[in-house]
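Below is one structure, written out as structure tokens; comments come after it.
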Amino acid sequence: MKKAVPVLSILFCAIILFFSFFGEKLYYSTKPQVELDRPLRVNDMVLLPGGAVFHEADGDCIYTVEGEQGFSTEILTVTKVRLTRCEPDETGYFGDGYVLVEAEGYSSAPTVIWASEALKDGQRVVEA
């Protein structure tokens with residue numbers, strides 16, 4: 001029993017040191033990376049880059065990001081928003097590849113325009 005206490009203490013200290021040095025890298029390596037963009041409002045429609053629209057089996061959608069302050073960094077969570085309307089921007093004022101979208105309850109939250117892997121509603125992500 002006398003040897004168990006020092007061994008457990010050393011093991012506990014080693015675990016704390018490991019996560020102190022490598023915890024952030026482990027967290028970031030296990031989360032999908034995303035690139036974000038802020039939408040533009042045009043009348044009642046929202047203008048986004050075409051890459052922000054994800055075409056899935058059950059329809060088109062976009063992913064918005066909400067952030068909350070963590071211990072040392074902001075923690076980002078994605079929310080899936082179903083689109084009620086999606087059409088190409090015919091004006092060309094903002095450049096090629098932009099689309100006009102409309103969705104119920106969608107505000108001007110930052111929107112995912114690229115993801116390193118398929119996203120799920122409520123998933124935690126990191127900004128690339």
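The criterion of at least 2 residues that are assigned by TED's automatic domain parsing to the domain that holds Leu119 and within 14 Å of the chain's Cα centre (by Cα) is met, among strands (runs of 3 or more DSSP E) falling completely within the stretch 30-105, by 33-37, 59-69, 74-82.
The set of residues in the stretch 96-109 being buried (at least 18 other Cβ atoms within 10 Å of the Cβ) and out of contact with any Cys (no Cβ under 7 Å at 6 or more places or on another chain) consists of Tyr98, Leu100, Tyr106. Of the numbered criteria (1) at pLDDT 85 or above; (2) closer than 18 Å to Gln123 by Cα, the one Leu26 fails is (1). Does the stretch 5-27 contain any residue that is of a type in the set (Phe, Trp, Tyr), outside any loop (DSSP other than H, G, I, E, B) and under 30 Å from Val101 (Cβ atoms)? The answer is no, given that none of the residues of the stretch 5-27 is of a type in the set (Phe, Trp, Tyr), outside any loop (DSSP other than H, G, I, E, B) and under 30 Å from Val101 (Cβ atoms). Hey, does the stretch 76-95 have a residue that's surrounded by 10 or more Cβ atoms within 10 Å (Cβ to Cβ), at pLDDT below 90, under 17 Å from Ala128 (Cβ atoms) and acidic (Asp, Glu)? No: the stretch 76-95 contains no residue that is surrounded by 10 or more Cβ atoms within 10 Å (Cβ to Cβ), at pLDDT below 90, under 17 Å from Ala128 (Cβ atoms) and acidic (Asp, Glu). Within the option set Pro39, Pro32, Pro6, being surrounded by 14 or more Cβ atoms within 10 Å (Cβ to Cβ) and more than 18 Å from Gly122 (Cα to Cα) holds for one residue only, Pro39.
The values are calculated or read from the model by the stated rules, or taken from the named source; none is laboratory data. The shown structure was predicted, so the numbers you read here are calculated from the model rather than taken from an experiment. When we count neighbours, we look across all protein chains shown, and the Cβ atoms used for this are built from the backbone with ideal geometry, even at glycine.
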